[in-house]
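Before anything else, here's the structure in question.
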């Protein structure tokens, strides 16, 4: 297995409606998934947000992220590095878009990152859905 595949696969699952067994993880990379999962929860907390927010997302072929929640959200992965970035707009009236970034965690089951509020930083966590 290549180092790149090991990096991507060691991260485990981001979020899960459908979880693949470890033996299937290499096949997930072959079909274009950065993680061996298809769905999950993307949570934002801290960073001067009025309240913590959780978005349901689907991870499709080519690691394309589809937002299944009412909050405006874009997110993309860079497969070569395991990094992600995106933009999120809370549904609160007058809320502005928040840019976020992070990485798929090696030897874990999620991805994590950060965003900056007006005077505080916040956490972004993509994890397996219950």
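The values are calculated or read from the model by the stated rules, or taken from the named source; none is laboratory data. Just so you know, these numbers come straight off a predicted model, no measurement behind them. Virtual Cβ from ideal backbone geometry, glycine too; neighbours counted across all protein chains shown.
Scan the range 105-119 for residues that are surrounded by fewer than 13 Cβ atoms within 10 Å (Cβ to Cβ) and at pLDDT 95 or above and report the count.
0
Within the range 68-82, track down each residue that is assigned to a strand (DSSP E or B) and either touching a helix residue (DSSP H, G or I) at 6+ places or on another chain (Cβ under 7 Å) or crowded, with 16+ Cβ neighbours inside 10 Å (or both). Can you show your working first?
Within the range 68-82, the subset assigned to a strand (DSSP E or B) is 72-78.
Passing the criteria: 73, 75, 77.
A further question follows. Looking at 57, 65, which is the one that is surrounded by 13 or more Cβ atoms within 10 Å (Cβ to Cβ), touching a strand residue (DSSP E or B) at 6+ places or on another chain (Cβ under 9 Å) and free of Cβ contacts under 8 Å to residues at least 40 places away in the same chain? Can you show your working first?
On the way: 57 fails: free of Cβ contacts under 8 Å to residues at least 40 places away in the same chain.
Only one candidate qualifies: 65.
Another one. Could you check the range 76-88 and list, in sequence order, the residues that are farther than 13 Å from residue 42 by Cβ and modelled with pLDDT of 90 or more? It would help to see each step written out before you state the result.
First, pick out the residues of the range 76-88 that are farther than 13 Å from residue 42 by Cβ: 78-83.
Residue satisfying the conditions is 83 alone.
Only one of these conditions is not met by residue 94: (1) more than 19 Å from residue 38 (Cα to Cα); (2) assigned to a loop (DSSP other than H, G, I, E, B); (3) touching a strand residue (DSSP E or B) at 6+ places or on another chain (Cβ under 9 Å). Which number is it?
Going through the list (1) more than 19 Å from residue 38 (Cα to Cα); (2) assigned to a loop (DSSP other than H, G, I, E, B); (3) touching a strand residue (DSSP E or B) at 6+ places or on another chain (Cβ under 9 Å), residue 94 breaks only (3).
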